[in-house]
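Right, one structure below, let's go through it.
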Amino acid sequence: MKVLVIGTGAREHALCRSLSQDPAVSELHCAPGNAGIARVATLHPVDQLDGDAVTALARELGADLVVVGPEAPLVAGVAEPLRAAGIPVFGPGKEAARLEGSKAFAKDVMAAAGVPTARSYVCTTEQEAAEALDAFGAPYVVKDDGLAAGKGVVVTEDRAAALEHAVACGRVVIEEYLDGPEVSLFAITDGTTVLPLVPAQDFKRALDGDQGPNTGGMGAYSPLPWAPEGLVAEVLESVLQPTVDELRHRGTPFSGLLYAGLALTSRGTRVIEFNARFGDPETQVVLARLRTPLAGVLLAAANGTLGELEPLRWSDEAAVTVVMASEGYPASPRTGDPIEGLDAAEADGTAFVLHAGTAPGPDGAVLTAGGRVLSVTAVGADLAEARARAYAGVAEISFKGAQHRTDIAAGAAR
């Protein structure tokens with residue numbers, strides 16, 4: 001099988017790493033990729049938002065499967081020309097990807113499907129936003145209606161800051177605050193069958209103790225020893241299957257990865273948001289625990305044969321990912337600095353490095369090229385061991401102004 005992965009981040013590196021270990025994969029390509037992905041896949045320049053260009057590349061390579069990693073190409077409709085050309089693609093079409101591309105659309109789908117979520121208002125003016133904020137009270141939750149790379153949500157006790165964010169975004173969803181711990185649950189679907197993966201938890205805030213600004217994610221871990229028994233089955237029945245069924249009934253079937261961000265509230269499980277692709281950094285820990293070869297699962301989703309697969313096999317080990325970010329992230333990340341210690345971080349074989357914002361430099365150097373630069377992932381017999389190994393890897397890596405959280409999975413590992 002020849003596989004082409006679209007994207008540039010650590011999520012795509014995690015996908016490429018797993019696909020490179022699959023005996024069924026004879027050729028692995030990535031476009032545009034990054035400095036780390038280049039070690040396991042052949043890189044190709046492409047505008048990942050240009051469906052015709054992506055389709056032309058897939059044809060040129062003779063790709064048997066195209067895996068679209070990021071949300072922006074999916075919302076832009078990159079999957080459509082691939083499907084029209086008869087090329088199997090893992091990722092929803094443009095209309096179904098609105099589940100992530102528009103918070104208001106997602107709320108409409110959830111209402112129609114009877115999916116439990118926060119009460120909300122869609123607001124387009126300052127007066128509407130002000131009234132919605134007063135209706136719910138603090139903490140205020142304001143979400144940009146469009147794509148914002150995981151950073152379009154403000155949760156604050158400061159009404160003025162909440163209103164400022166709403167006005168800056170233009171069209172927002174303002175909703176009630178959901179209490180309780182958060183869980184990320186991925187599901188692979190072909191538009192009919194829904195195959196949930198194992199739960200994970202990520203850490204959105206930039207600083208220890210869940211302080212600081214919202215980010216794309218600073219770390220993750222799996223499994224969740226504190227999660228209630230039967231959680232996955234409950235979410236499959238009350239959230240994932242009804243959502244997939246509703247989109248199919250609308251004539252816009254969702255095929256690909258459906259990501260449910262959940263809050264385990266005092267009133268039951270509620271959906272915070274949907275994404276239309278693998279989440280970063282949760283993908284790193286989920287795929288680290290997956291034992292079933294990945295390519296066949298993604299191809300079955302693309303071909304509509306997911307229901308014929310054997311149950312997925314998972315490792316009993318735990319996995320922890322720690323993100324290393326550049327100085328100034330998330331507001332104004334510094335780039336262009338050389339990264340030292342990448343080989344040392346992987347030397348003992350207990351941790352591996354997945355690149356996100358990196359680029360090749362002169363004389364074989366690897367340079368920082370984004371806000372979240374890389375993530376260090378490790379597995380272990382339990383969360384404590386996986387965590388220790390991940391942070392040992394982090395300690396080997398250095399670049400100017402490097403920052404990371406020191407408390408990823410700390411509470412769960414005790």
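The values are calculated or read from the model by the stated rules, or taken from the named source; none is laboratory data. The structure displayed is predicted, hence computed values, not measured ones. Note: ideal-geometry Cβ built from the backbone for every residue, glycine included; neighbour counts use all protein chains shown. The protein model used for the area step is the full one, side chains on, heavy atoms only, and it has no ligands, DNA or RNA in it. Shrake-Rupley method; radii C 1.70, N 1.55, O 1.52, S 1.80 Å.
Please verify whether V115 is surrounded by fewer than 19 Cβ atoms within 10 Å (Cβ to Cβ), touching a Pro at 6+ places or on another chain (Cβ under 6 Å) and not in a helix (DSSP H, G or I), treating the condition exactly as stated.
No, not satisfied.
If you go through the stretch 321-342 and keep only what is surrounded by 20 or more Cβ atoms within 10 Å (Cβ to Cβ), in a loop (DSSP other than H, G, I, E, B) and within 22 Å of the chain's Cα centre (by Cα), you end up with S326, Y329. Screening K204 with (1) closer than 21 Å to G328 by Cβ; (2) exposed (fewer than 15 other Cβ atoms within 10 Å of the Cβ); (3) charged (D, E, K, R) gives one miss only, at (2).
Let's see how each residue does on (1) modelled with pLDDT of 95 or more; (2) open to solvent by 50 Å² or more (accessible area, probe 1.4 Å):
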{"residue": "L19", "(1), (2)": "yes, no"}
{"residue": "A35", "(1), (2)": "no, no"}
{"residue": "P45", "(1), (2)": "yes, yes"}
{"residue": "A53", "(1), (2)": "yes, no"}
{"residue": "E60", "(1), (2)": "yes, yes"}
{"residue": "L74", "(1), (2)": "yes, no"}
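The residues of the stretch 82-97 that are in contact (Cβ under 8 Å) with a residue 40 or more places away in the chain and open to solvent by 20 Å² or more (accessible area, probe 1.4 Å), listed by number, are P88, E95. Taken over the stretch 16-54, the criterion of being closer than 20 Å to V75 by Cα, of a type in the set (A, V, I, L, M) and in contact (Cβ under 8 Å) with a residue 24 or more places away in the chain is satisfied by A31, V46, L49, V54. Is it the case that some residue within the stretch 348-361 is surrounded by 14 or more Cβ atoms within 10 Å (Cβ to Cβ), of a type outside the set (A, V, I, L, M, F, W, C) and without any contact (Cβ under 8 Å) to a residue 24 or more places away in the chain? Yes, that holds for at least one residue. Checking every residue in the stretch 167-184 against the condition of being under 21 Å from A106 (Cβ atoms), open to solvent by 30 Å² or more (accessible area, probe 1.4 Å) and among the β-branched types (V, I, T) gives zero matches.
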